[in-house]
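What follows draws every value from the coordinates through simple rules; no lab data is involved. Everything quoted here is computed from the prediction, not taken from an experiment. Cβ sites come from the backbone with ideal geometry, for glycine too, and all protein chains shown count toward neighbours.
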Amino acid sequence: MHPNSIYRETETVRNLQFVPETGFGHLLRSLENYALVSHIPFLLMEDAQEVELHLVRSNPIAHLLKR
């Protein structure tokens, strides 16, 4: 997760192969004084450019998306 490329060791292709096997991840939203984290199930679309995910309406991150 470090932005400097010298710390990145995993190839994109390998990451994209791992995603369908897992189908579960974390959605993070950083705010001024704290961070929100939600566990989410998701599907990677065939073009590997988008994901479809489930986030319950009562989730605080969902409320932030409405703004």
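Just a few scattered comments:
- Residues being loosely packed, with under 11 Cβ neighbours inside 10 Å, under 24 Å from residue 59 (Cα atoms) and not hydrophobic (A, V, I, L, M, F, W, C) - total across segment 21-45: 7
- Candidate set: segment 46-67, residues that are among the charged types (D, E, K, R) and out of contact with any strand residue (DSSP E or B) (no Cβ under 7 Å at 6 or more places or on another chain); chosen: the one surrounded by the fewest Cβ atoms within 10 Å (Cβ to Cβ): 67
- Residue check for residue 14: surrounded by 13 or more Cβ atoms within 10 Å (Cβ to Cβ), without any contact (Cβ under 8 Å) to a residue 40 or more places away in the chain and either touching a Lys or Arg at 6+ places or on another chain (Cβ under 6 Å) or basic (Lys, Arg) (or both): no
- Looking across segment 53-67, the residues that are more than 10 Å from the chain's Cα centre (by Cα) and either closer than 22 Å to residue 12 by Cα or of a type in the set (Val, Ile, Thr) (or both) come down to 56, 61.
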